[in-house]
Amino acid sequence: MQAEKATRRVRRALARRLDPEPRRTPSPAGGGASAPAAPAAPATRADTQTEAMRTALRRLRNGNASEPERAALEKLVVAWLDDQEASRSTTATTAIAGAFERLWQPRTQPVPLPPEPLLSVIRDQFHRLYYHASRTSWKDTWYRGVRAYKCPTDMWVYQELIDSIQPGLIIETGTFLGGSALFLADRLEIAGRGHVVTIDIDEHPGRPEHPRLTYLTGSSVDSEVLAQVRKLIDPEAPVLVILDSDHSQAHVAAELAAYAPLVTPGSYLIVEDTNVNGHPAVPDYGPGPFEAVADFLAVDDRFEVDARAERYHLTQNPSGFLRRRTSPAGVA
Ligand SMILES: C[S@@+](CC[C@H](N)C(=O)[O-])C[C@H]1O[C@@H](n2cnc3c(N)ncnc32)[C@H](O)[C@@H]1O
């Protein structure tokens, strides 16, 4: 109720500002014969809208708005940003920049982030820029001269996880040219322990060799392949799993069923490319890894999504870094 009232108040204020009628020049006091004032340039609808949005953003930034007002203002600002035509990109840029200004040398803690809807718009659009222009981004990413279909921020998270988990075995499904497997093997070499097994249905001659890396050929859910993988597990050492093969929902679901039990408590089951099918990339992909993860988490409470793994804002695996709990859900 309070939120509705606030929305109406903000809408009325905006309606007043968005009045397309040109402002009238006030008549001189007393109606005397003084020289007529030069007529003010009529404010265009775009000008008044931009000015209104600047005011809204300023109020959000200053923290002067109550919570319901804040929610209403955020909705309007985001709707306005969505409506911006290409020809008005400069004003949109100004408005967005304004919302991020307070992040510069913030004096308050916690840092006053821009409103969440605005953050999501920025994150999602940047994600699409990164992911959809693939030939100049993730399809052109290299590790030691080998192509790796990976996002650099995700690779950084991988090496952080390796440092903290110290895995005895990393299982990767989907090798492609071996760039990601080589990266993982190098990180294990630095850690001084562990091995990588990577599985692909196809062979690619010329993949890199590494003493800590084993290639298996076959489908990741084939029972013989799984038996070979199980043989490499040291029961005393942590196991980390990365699923990056066939990204259809059915295949990822089958991989989750086969590999989740191998992940040790405190370690991770990472499901790659949960970003497709509109999360937020490739909206017409069809059900894929994200949907498989959602179904899996609905029935398996041994795992939880680690939001911290997404803190660099850009990840190809949103809700895909699954940590195996060390104690049952709900028990501290
Ligand atoms: C996205 S690529 C892997 C990229 C690689 N991990 C990297 O980061 O560079 C997917 C790979 O999965 C393989 N693949 C597809 N279906 C598979 C299956 N059923 N089992 C194993 N690998 C499969 C494909 O041949 C392809 O090389």
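The values are calculated or read from the model by the stated rules, or taken from the named source; none is laboratory data. Quick caveat, the model's predicted, so the values are computed rather than measured. In this analysis, Cβ positions are derived from the backbone assuming ideal geometry, glycine residues included, and neighbour counts consider all displayed protein chains. Ligands, DNA and RNA are stripped out before the accessible areas are found, and what is left, the full protein with its side chains, is counted by its heavy atoms. Shrake-Rupley method; radii C 1.70, N 1.55, O 1.52, S 1.80 Å.
Between His204 and Val111, what is the label-point separation in nm under the 7 Å Cα-to-beta-carbon projection?
3.5
Share of the stretch 181-332's accessible area from carbon and sulfur, percent, 1.4 Å? Don't skip to the end; give the middle numbers.
Values: 3660 of 6960 Å².
Carbon and sulfur together cover 53 percent of it.
Using a Förster distance of 51 angstrom, determine the FRET efficiency expected from the C-beta separation of Lys75 and Ile190, and round it to 0.05.
Details: r = 48 Å, r/R0 = 0.94.
The value I calculate is 0.60.
Would you mind calculating the gained length between Ser223 and Ile122 on full extension (0.36 nm times residue separation, minus the Cα-Cα distance), in nm to one decimal?
32.0 nm is the gain from fully extending Ser223 to Ile122.
Note down the accessible area of Ile165, probe 1.4 Å, to the nearest 10 Å².
Near enough 20 Å² of accessible area.
Please give, to one decimal in nm, the separation of the simple spin-label points placed at Lys231 and Ala294, each 7 Å out from Cα toward the Cβ.
A separation of 4.0 nm, rounded to one decimal place.
Using 20 Å as the cut-off for backbone N distance, which residues of the stretch 274-298 belong to the label zone defined by a point 7 Å from the Cα of Ala257 along Cα→Cβ?
Of the residues in the stretch 274-298, 287-298 have backbone N under 20 Å from the label point off Ala257.
Obtain the nm distance between the two label points defined at Val331 and Asp284 by a simple spin-label model: each point lies 7 Å from its Cα along the Cα-to-C-beta direction.
For the pair Val331/Asp284, the computed spacing is 5.0 nm.
Using only the alpha carbon atoms of the stretch 167-297, find the Kirkwood hydrodynamic radius as the inverse mean reciprocal pair distance, in angstroms to one decimal.
Its Kirkwood hydrodynamic radius stands at 15.1 Å.
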